[in-house]
Structure formats: C-alpha cells, structure tokens
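Each value in this text was obtained by applying a stated rule to the coordinates, not by laboratory testing. Being a predicted model, the structure only gives us computed values, none of them experimental. Because the Cβ atoms are built from the backbone with ideal geometry, glycine has one as well, and the counts that use them run over all protein chains shown.
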Ligand code: PLP
C-alpha cells in the first residue's frame, strides 16, 4: 500500500476505501521497463515523473501499479477516460464487437459504425448531422480545417495563441504554443491574442480580444477567411476559460468574413464541463464544424468531425477515406460510453462533484499563496501556481515537486499551461465527493510542505 505518513511521522490524507483486489503482476520489472523505454520510446514531451509509474491495471477512477498500489486518477488518462478505467459496459461492448467483426470500414454497411454516428448526431444541435470518423483529435482537426478551406475557397485560418489542436501540419501550426519548435510552417494560419482573463492584456474584456480577430482579418488577410478554430475551454494550454463574450463576438466577426467556426470539443465535449454536454453551449453559439476525440471512446482511439450536409458536400466528389477511422470496435466503445454517461448521469455528476472540487480549491487558495488562480468548469479544472501573486511569476519547479509528492501520496494529476505551471484536473466523470476530498486534501498537504 501507499505509505500513509512521511519520515517525520506526519499523517497523509486517507484514500477512500475501494473494494477491488488488483490482479497479481507477473510482467517485466520496472527497472527493465525503464531501461527499454529509454532505448526504444524516448519521449519528446518528457516524463511526468522523475520515476515514472508502471501502471498495470485500471478500475474506474483508480489505477494500480506493479505492486498493487492504488492511485486516484485525477487526470483521467489524459482527459480520455470519461466513464472510468475499464468500465464494464465499455469493456463488454469492445469484447463483443471484437469477437464478431474486428474490422470493416464505411465502404460497407455495419451497424456498430452507423449506430454511433446516429447517436453522435442526435446529441448535436441544428444541422450538425453528418459524421466523419477519425483515429484521433489531430486527424479530426486536420479534416475540419481542410473542409473549411474547401468550403469557403479561402486559405486563411484563425486560431487562438494558447489553444492546442494536434500535432500534424495544419493542427501544429494552429497550435501557437508549440509550433515554433517544429519546422512545419504552413502559410495562412494567424494566431489571435489569447482571451485569458488571468494573464491576458485585456483582462476579462472579451470584446477587446475579439477586436484583435477583426484586426487580423483587416490587416493580415484579403478580408475573407476560411474560419476560426477554438476550444470552449483551453485544456493543454492550462485550462483557460475564454473571456466572457469573446466567442459570440468572434463568431459573428468570422461569419461576416465568410468563415466557419470550428469548435474543438476534444476535451470540453461529452459532458465533461458538467453544465452542458458540449463546451460551446455555455457560450451560446452553434458551430459549423465540431471535432471530437479523447473521452468519446473512454480510451479507445477514435475521433470524429461533425458538420452540416451543406458543408459536407465539399467532400462528396473528393476521395476522402480513413482505413481505421470509424473502426467498429471503437464505435461500439463510443456508443457504450454515451449510454453509460446517460445511464449513470455522469454529466450531472461532473457538475455536482466538479463544482465541489472547485469550491474546495478556491478555499485552498485562501490558505496557500502559491495558488494564483483556480478556474474551469465541471471536471475540466486548472490550478495555476505562481511564486508571487502580484508578478504572477510561474512556479514551474514547485509544480513538478507538487505533482511528484501527490503521486507519492496516491494521486495522479496533470500538468500544462504555456508556462508549465498549471495543475490540470480532468478525472473520470465517475469521481465521487470522497475522491474530491482526498484529491484536495493531498494537494493541501503537499503545498503545506513547500
Ligand atoms: N484538440 C484538443 C483540444 C486536445 O486537447 C488534443 C489533445 O490533447 C487534440 C486536439 C489532439 O488530439 P490527439 O492527441 O488525439 O491527436
């Protein structure tokens, strides 16, 4: 078990009980895995921990390492595990479909593919009824950007500086926070000032940030654009809620310039924000194209683009195809995820428990100077750490220390933000109030030791 006190005898917060005995691990040793990972899988994003965890089993909101130690997963994979690790209904759907037919494509008829497309379309408003399946969020956004360009006949795309949209050519260029590090420059992508109420130059004035989008169109394009791509809440960028009024204003500016609004719902969709099923709903706008991935498969690799029949026509006579996108095993998983979210009222749980976590984090902010900002909605939450609240100097090293210590006390949490100083909380939506207390108590304990 995880040690329940430190070397000074200070007692750690108690993890909520969980009635499950992990399967005994008989795989290679952790030191052997470390050695081979270093050789064959050197990771470009860098390890999350000094000593990475060897995770061997998952059960709902918990993960187990090779010694059977239990960890509360407050990162939810990477905002991917929406129902809970290895949720029985999702596992059953995957196994059933795998035994029946592991692979076919949209070239043929198969109900697992069509059922999920129909279920997705039924969750979206208005004319958003045509679905394309992909294998990831990157591919979904690449396709969405290409469709916007084809539909409008324009090349210019606007993205927001702190957004994250993927790691292929167009999406990497739309990801201003990283693209300068990769030599994949694509013309026609313009980066708008980030409407960040905490660090942004215009504070919470959404309309001032929107004016920057108008300026980009006026000064940097022919006056017409293909569209804008935006997350409703920026996830990787440090869980940033866009300044109020920004999205509706930008939507109308881009529309007037002939462009489309692409809502990247890869993190903010599928009930994660609690108050709404889709992140864009909280902004009172209806997108022209919606992109999905991460939580829609509970870990199964699937993404999707949903648009209107009118926009979809641009692909009708062009040969667009993905071999594995919409694989029936993944679509069966996706349909099971949707059913579980409804059956177990997980969106409502994301709202209730997520609001409770946020409330507790705000109280923690009164106690710990290192917390500069607490933000987000539902179970998409961020805690920005600073050395000095006035200067907002990023506390990056301290954050890494906190992440490491929280892991030692049994909590896995995410990191992010342009300055690498934001704790990201994106747990499986089945997280309980007891889990929330344990998470915040552990965070409190680590911050008290700083
Ligand atoms: N869009 C958003 C908002 C994301 O958070 C991510 C991944 O973190 C992506 C797109 C890219 O998705 P993937 O890693 O599945 O390609």
Global form of the chain, assessed from the alpha-carbon gyration tensor, a/c cut-off 1.5: oblate
Top of 419, 111, 165 by mean-square fluctuation, Gaussian network on the chain, Cα under 10 Å: 111
Among 440-449, 233-242, the order from most to least packed when residues are scored by Cβ within 10 Å on average: 233-242, 440-449
Relative contact order of segment 267-397, defined on C-alpha pairs under 8 angstrom at six or more residues apart (%): 24 percent
Percentage relative contact order, the chain, counting C-alpha pairs under 8 Å, at least six apart: 22 percent
Estimated FRET transfer efficiency (residue 359, residue 277; beta-carbon r; R0 22 Å; 0.05): 0.45
Relative contact order, percent, segment 336-450 [alpha-carbon distance under 8 Å, six or more residues apart]: 26 percent
For segment 184-242, average projected area of the Cα convex hull in nm²: 4.8 nm²
Helix-only CD estimate at 222 nm, as mean residue ellipticity for the chain, using -39500 (n - 2.57) per DSSP H run (n ≥ 4): -11500 deg cm²/dmol
Ranking of 209, 40 by count of other Cβ atoms within 10 Å, fewest first: 40, 209
Largest to smallest principal axis extent of the C-alpha atoms in segment 105-191, angstrom: 43, 23, 23
Tensor-based shape of segment 168-316 (alpha-carbon gyration tensor, a/c under 1.5 rounded, otherwise prolate or oblate): rounded
Theoretical gain in end-to-end length, residue 18 to residue 344 [0.36 nm per residue, Cα-Cα removed]: 115.5 nm
Segment 252-312: C-alpha gyration tensor shape, a/c 1.5 cut-off, then a/b vs b/c: oblate
Burial order of peptide ranges 152-162, 398-408 (average beta-carbon count within 10 Å, highest first): 152-162, 398-408
Order by protection proxy (mean Cβ within 10 Å, highest first), peptides 426-436, 173-183: 426-436, 173-183
Rough spin-label spacing in nm, given labels placed 7 Å along Cα→Cβ, for residue 11 and residue 183: 5.9 nm
Relative exposure of 18, 75, 202, judged by other C-beta atoms within 10 Å (fewest first): 18, 202, 75
